[in-house]
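For reference, the structure is listed below as structure tokens.
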Amino acid sequence: MAVSRIGLSRTTILVDTNVIIEAVRTGCWNALTGGLRVETVEECRDEAVRGDGRQRGYIPVSTEHLSRLAVVHPVSPHARAAFALRYPDALSMDKGERDLYAHAVERTEQGDDVWLLSSADKASVRAAVTLRLEGHLRSLDALIRQLGARPVVPLRRHHEESWLASHRIEYLLMRR
């Protein structure tokens, strides 16, 4: 799915907890949510706010940060079950990622194909490739570069475009 800079502004960007935290950590959150239609699911929102203040490197995400999201979607038990039937490894995914994928798959089944998903996790990339949704994946790096934004501190490696490209190729080769 090729999306131009103009088209990107009309595209929904679904983000997981890790992307929310990294965008806040690097000072890109306002640019991301100000320049794009950024959405998530309730579990990702809750994980971001909950955090773990005792964890080394903890990044606080406030309700004010999350108020910049265009939409926070509930995910029904039916959507989770339908996703688990399509993707047997769903139960081994992090709850937030699982719900984000359940929502994305449900959108696609309803005919909404104008969304991108940003997640920096190997399980997420594997799920996208298995479900043949790899064209919907975008790194946080690619999104903020398309906006012309610059992180205040460097992005962690797993949010860079090269990391995503490498793992996408790896899983595509395994799919053959």
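The values are calculated or read from the model by the stated rules, or taken from the named source; none is laboratory data. Please read all numbers here as calculations on a predicted model, not as lab measurements. Neighbour counts run over all protein chains shown; Cβ positions are idealised from the backbone, glycine included.
Worth pointing out:
- Qualifying residues in region 13-33 (those that are over 23 Å from HIS103 (Cβ atoms) and small (Gly, Ala, Ser)) - the one surrounded by the most Cβ atoms within 10 Å (Cβ to Cβ): ALA31
- Options VAL129, VAL114: the member that is among the β-branched types (Val, Ile, Thr) and free of Cβ contacts under 8 Å to residues at least 60 places away in the same chain: VAL129
- So ARG168, is it of a type outside the set (Val, Ile, Thr), in a helix (DSSP H, G or I), in contact with an Asp or Glu (Cβ under 6 Å, 6 or more places away or on another chain) and surrounded by fewer than 19 Cβ atoms within 10 Å (Cβ to Cβ): yes
- So ASP89, is it within 14 Å of the chain's Cα centre (by Cα) and of a type in the set (Asp, Glu): no
- Meets criteria (of a type in the set (S, T, N, Q), over 22 Å from PRO151 (Cα atoms) and at pLDDT 95 or above) for SER92: no
- Taking the criterion of being in contact (Cβ under 8 Å) with a residue 40 or more places away in the chain and either closer than 19 Å to ALA104 by Cβ or of a type in the set (Ser, Thr, Tyr) (or both), the residues of region 24-38 that qualify are THR26, LEU32, LEU36.
- Selection within region 55-71: residues that are of a type in the set (Ser, Thr, Tyr) and under 17 Å from GLY27 (Cβ atoms). The member of this set that is modelled with the lowest pLDDT is TYR58.
- Restricting region 93-135 to residues that are small (Gly, Ala, Ser) and within 20 Å of GLU161 (Cα to Cα), the residue that is surrounded by the fewest Cβ atoms within 10 Å (Cβ to Cβ): GLY135
- If the condition is being part of a helix (DSSP H, G or I), more than 25 Å from VAL71 (Cβ to Cβ) and not aromatic (Phe, Trp, Tyr), then region 112-165 contributes LYS122, ARG126, VAL129, THR130, ARG157, HIS158, GLU161, SER162, ALA165.
- Top-ranked residue in region 84-111 [being among the small types (Gly, Ala, Ser) and either in a helix (DSSP H, G or I) or touching a residue at least 24 places away in the same chain (Cβ under 8 Å) (or both); ranked as nearest to VAL41 (Cα to Cα)]: GLY96
- Residues located in region 64-83, provided they are without any contact (Cβ under 8 Å) to a residue 12 or more places away in the chain and either small (Gly, Ala, Ser) or surrounded by 12 or more Cβ atoms within 10 Å (Cβ to Cβ) (or both): SER67, SER76, ALA81
- GLY57 being outside any loop (DSSP other than H, G, I, E, B) and either surrounded by fewer than 18 Cβ atoms within 10 Å (Cβ to Cβ) or over 15 Å from the mean Cα position of the chain (by Cα) (or both): no
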